[in-house]
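Working notes for the structure below.
The values are calculated or read from the model by the stated rules, or taken from the named source; none is laboratory data. Every value quoted in this text rests on a predicted model; they were computed, and no experiment measured them. Counting neighbours? That spans all protein chains shown, and the Cβs are built from the backbone with ideal geometry, glycine included. Each accessible area value is taken on the protein alone, full model and side chains, heavy atoms only, with ligands, DNA and RNA left out. Shrake-Rupley method; radii C 1.70, N 1.55, O 1.52, S 1.80 Å.
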Amino acid sequence: MQVIDGSKQDDEVLGFLDYEKIKEGQMCRHIVCVLPFRASCDALEYLIQNNLEKFKNISKYKILNIAGVDALDKFPEISNIKKYITKCEIEGKKTITLTVNRMLTGSTVEEWDTMLYLKNSVSPQEYDQSIFRLQNQYIKSYIDEKGDEIKYNMKPQTILADFDPARMFTLQELKSQFYNVNTEQNGNSRLEERLRKELEISLIIVLNKNKLSQVTPFNILNLVRQYTKDKSVIDEANEIPIDYNILSNELILSAIQLLSPIDSSKGLNFIPIEEEDDDYDDPDSSGKPPNESDSDGKNKKDENKYDEPDTLNNLKSASNLNGNLNCSKELEHYAS
């Protein structure tokens with residue numbers, strides 16, 4: 001936080017709150033900080049409030065913790081949060097809003113112009129929805145001396161600061177790929193073209209050797225390709241989004257506990273199922289040639305004689321099998 005604030009220097013992180021061009025452009029006035037857990041909001045609020053003397057820019061911001069453990073007691077209504085931020089803007093005060101998911105969907109705060117994304121999301125949709133909170137228009141109207149109305153764009157530019165380039169590039173690549181699949185029925189064939197269009201609208205700027213440089217579609221595709229190549233099974237498993245609330249279900253929990261863990265050195269370890277009986281039936285186990293008569297005198301013609309009841313039973317079995325397959329497909333649908 002001190003590096004972002006500009007009170008400390010780091011070769012790999014830009015202290016943009018102390019960047020003169022950002023100050024001149026009246027940017028970063030109202031920041032929303034997206035954190036992974038509610039406890040993270042409380043921890044960051046405590047860190048800032050108890051170390052104000054260490055921050056030369058962040059110390060000038062009002063901290064709004066809207067997602068902490070006791071946040072609903074302080075800010076029970078979303079409308080009150082919006083009014084508070086608007087009041088601060090009128091009074092010339094800056095704000096930092098700490099949240100996890102609250103107010104990132106279904107609500108709009110016009111004054112938000114900067115986002116610090118510190119949440120390890122693997123969902124392009126969640127990432128895009130969060131960023132969209134910044135992209136709404138914030139227009140103020142003034143009346144000049146002649147009585148004409150003048151509209152002023154209060155945030156011509158917005159900033160998303162993500163401190164994990166690999167995550168940003170991967171989610172950007174996935175978002176472009178999903179767009180192509182949904183609209184043009186192709187994924188990789190025109191991926192670079194789609195990336196180029198999106199980067200023309202939302203530029204990605206990185207700090208590279210103390211210089212700011214603009215990211216190209218080639219940079220994204222190359223990093224994602226290299227990142228995917230170097231990932232292990234553990235990395236792939238850790239990226240799967242999990243709803244930990246399912247562990248409260250004892251049946252699901254007991255089933256998960258029976259699974260073999262993924263070991264970084266041994267990979268997947270499956271325990272074979274041992275059964276006493278073998279269900280495999282050898283059609284030639286009787287040792288008789290297929291055209292030979294059985295001991296009861298029935299020949300091959302009698303064996304293949306049309307049997308109506310058995311045929312009906314087979315049809316019923318097939319019908320039940322089809323129903324089971326449909327149920328399985330429905331279960332897979334709901335599980336996904």
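Counting the residues of segment 17-35 that are in a loop (DSSP other than H, G, I, E, B) and among the basic types (K, R) gives 1.
Taking the condition in contact (Cβ under 8 Å) with a residue 24 or more places away in the chain and under 23 Å from the mean Cα position of the chain (by Cα), does T158 pass? Yes, satisfied.
Going by the structure shown, is Q185 open to solvent by 60 Å² or more (accessible area, probe 1.4 Å), modelled with pLDDT under 70 and over 22 Å from the mean Cα position of the chain (by Cα)? When the stated conditions are applied, Q185 passes them. Each residue in segment 139-155 was checked for being touching a Ser or Thr at 6+ places or on another chain (Cβ under 7 Å) and over 27 Å from K94 (Cβ atoms), and 1 pass. Apart from one condition, T86 fits all of (1) surrounded by fewer than 18 Cβ atoms within 10 Å (Cβ to Cβ); (2) part of a loop (DSSP other than H, G, I, E, B); (3) β-branched (V, I, T); the exception is (2).
Residue-by-condition table, conditions (1) at pLDDT below 95; (2) open to solvent by less than 30 Å² (accessible area, probe 1.4 Å):
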site	(1), (2)
G15	yes, yes
D18	yes, no
Q26	yes, no
R29	yes, no
A39	yes, no
K56	yes, no
L64	no, yes
L72	yes, no
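In segment 56-84, the residues that are without any contact (Cβ under 8 Å) to a residue 60 or more places away in the chain and under 30 Å from Q2 (Cβ atoms) reach residues that are hydrophobic (A, V, I, L, M, F, W, C) and assigned to a strand (DSSP E or B) with C-beta atoms within less than 6 angstrom, at least six apart or across chains, in these pairs: Y61/I96; I63/I96; N65/L98.
With respect to (1) farther than 21 Å from S130 by Cα; (2) in contact (Cβ under 8 Å) with a residue 60 or more places away in the chain; (3) among the charged types (D, E, K, R), the lone exception for R38 is condition (1).
Look at segment 101-145 and say how many of its residues are out of contact with any strand residue (DSSP E or B) (no Cβ under 9 Å at 6 or more places or on another chain) and modelled with pLDDT under 85.
15
Can T95 be described as in contact with a His (Cβ under 7 Å, 6 or more places away or on another chain) and within 24 Å of G15 (Cβ to Cβ)?
Yes: the conditions hold for T95.
Taken over segment 1-16, the criterion of being in contact with a Ser or Thr (Cβ under 9 Å, 6 or more places away or on another chain) and part of a helix (DSSP H, G or I) is satisfied by D5, F16.
Among the residues of segment 169-182, those that are of a type outside the set (F, W, Y) and at pLDDT below 80 comprise T170, Q172, E173, L174, K175, S176, Q177, N180, V181, N182. Within segment 36-51, the set of residues being in a loop (DSSP other than H, G, I, E, B) and over 18 Å from F75 (Cα atoms) comprises P36, N50, N51.
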